[in-house]
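Heads up, the thing below is written out as structure tokens.
The values are calculated or read from the model by the stated rules, or taken from the named source; none is laboratory data. Remember, predicted model here, so these are calculated numbers, not experimental data. Reconstructed Cβ throughout: ideal geometry from the backbone, glycine too, with neighbour counts over all protein chains shown. With ligands, DNA and RNA removed, areas are computed over all heavy atoms of the protein, side chains included. Shrake-Rupley method; radii C 1.70, N 1.55, O 1.52, S 1.80 Å.
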Amino acid sequence: MKAIQVTTPGGPEVMEYREVAIPTPKPGEALVRIKSIGVNFIDIYHREGRYPLPTPFTPGSEAAGVVESIGDGVTEFKPGDRVAYALQVGSYAEYALVPVSKLVPIPDSVDDDRAAAVLLQGLTAHYLCYSTYQVKPTDTILIHAGAGGVGLLLTQMIRQIGAKIITTVSTEEKAQLSRQAGADDVILYTQQDFETEVMRITNQSGVQVVYDSVGKTTFDKSLACLRPRGYMVLFGASSGAVPPFDPLHLSKKSIFLTRPTLGHYVLTRDELLHRTNDLFQWISEGKLQLQIEHVYRLAEATQAHKDLAARITTGKVLLKP
């Protein structure tokens, strides 16, 4: 089978398109024939070595496909079942071994591309607004990277809840996408100071929560946008890691700071299925629209990473074997 492999952490060029052996499922595993692969920033972090993995490894943490074969003791799935998964490295390939505990069934109403596009980012958006901070209809929210994959999904979910949404984006094209998803106010951070704009929009009171996936370049101003007892939810670092800082800064407004990761919000099978079922139901009902405009061949994974890192993509990026 064909797969992308990384033998030495580094830039996009370290990903090699290779022929490797098709693996055999062990007890508790399924071999999945990959149909569609989701590309995410965590794939870049793995490739760079920011989140180290033993080498060589195949990147990718999300895909949709069909069960090809199963290992001993597997009863929940059978060959031919349509499945999707996240949080299992190795999806940049034609086949992948996946623990069945991480597989979820795909309903007939959801196609492979949408299943691959929604799982990791959709689960992230779900826990952010329902668990990390439970958004209320009376809240005002700031979402950075409002036209990114998580940003668009998070905006739609919060729109269903009824809170007021402010987003930041880099271009007018992305601003339009963010408005279509449900943002009330969109700030072009390339032309305006987002802190100044947020305080103007909120009559100097600030927001209850900031969802920040950008990190280094937005962190300080994001803190300044919060009202007393506000929540700073830092769930990514697309601009780089936030430098160490004195927690005493949080005492100026008694701010809550959290750095959540998805794995801690799908600790049980029930929690994974609950969140996934919500996502698939919303897609089926038309309540959650997916923006899929960038689809690359598996062999083009290097270019996909370059484009994602340059923030020239909108919505979800997919690879196709």
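Structural remarks
- Computed log10 I(q)/I(0) for the stretch 81-197 at 0.14 Å⁻¹: -0.68, from the Debye equation with unit scatterers placed on every C-alpha and solvent omitted.
- For the stretch 253-321, trypsin sites (Lys or Arg not before Pro) meeting the loop criterion (DSSP other than H, G, I, E, B) and having at most 16 other Cβ atoms within 10 Å: Lys253, Lys287.
- Residue pairs exceeding 28 angstrom between C-alpha atoms, taken from Lys136/Lys253; Lys136/Lys306; Lys216/Lys316; Lys26/Lys287; Lys2/Lys287; Lys102/Lys136: Lys136/Lys306; Lys26/Lys287; Lys2/Lys287; Lys102/Lys136.
- Counting protein heavy atoms only, the chain has 51 percent of its accessible area on carbon and sulfur, 1.4 angstrom probe.
- Amide hydrogen proximity for Val74: with H placed 1.01 Å from N in the peptide plane, the residues at 5 or more positions away or on another chain lying under 5 Å are Gly28.
- At q = 0.15, 0.25 Å⁻¹, base-10 log of I(q)/I(0) for the stretch 212-292 (Debye sum, equal scatterers on each alpha carbon): -0.75, -1.09
- Helix-only mean residue ellipticity at 222 nm for the chain, each DSSP H run of n ≥ 4 adding -39500 (n - 2.57), per residue, nearest 500: -8000 deg cm²/dmol
- When only Cα pairs below 8 angstrom with a gap of at least 6 residues are kept, the chain shows a relative contact order of 17 percent.
- Debye equation applied to the C-alpha atoms of the stretch 171-321, log10 I(q)/I(0) at 0.09, 0.12, 0.14, 0.15 Å⁻¹: -0.39, -0.71, -0.96, -1.09
- Protection proxy ranking of 1-7, 84-90, by the mean of other Cβ atoms within 10 Å over each peptide's residues and highest first, is 84-90, 1-7.
- Taking a span of 15 Å or more along the helix axis (Cα atoms) and a mean Kyte-Doolittle hydropathy of at least 1.0 as the rule, the DSSP H helices of the chain that qualify are 149-161.
- Per residue value of the accessible surface for the chain (all protein chains in place, 1.4 Å probe), Å²: 43 Å²
- The chain - share of DSSP beta bridges that are antiparallel (%, nearest 5): 55 percent
- Distance distribution note for the chain: the fraction of Cα pairs above 26 angstrom is 46%.
- For the stretch 78-204, the antiparallel share of DSSP beta bridges with both residues in that region comes to about 25%.
- Ranking by accessible area, most exposed first, for Asp246, Asp278, Asp72, Asp193 with a 1.4 Å probe: Asp72, Asp246, Asp193, Asp278
- Packing here is the average count of other Cβ atoms within 10 Å per residue, and on that basis the peptides 208-217, 41-50, highest first, run 208-217, 41-50.
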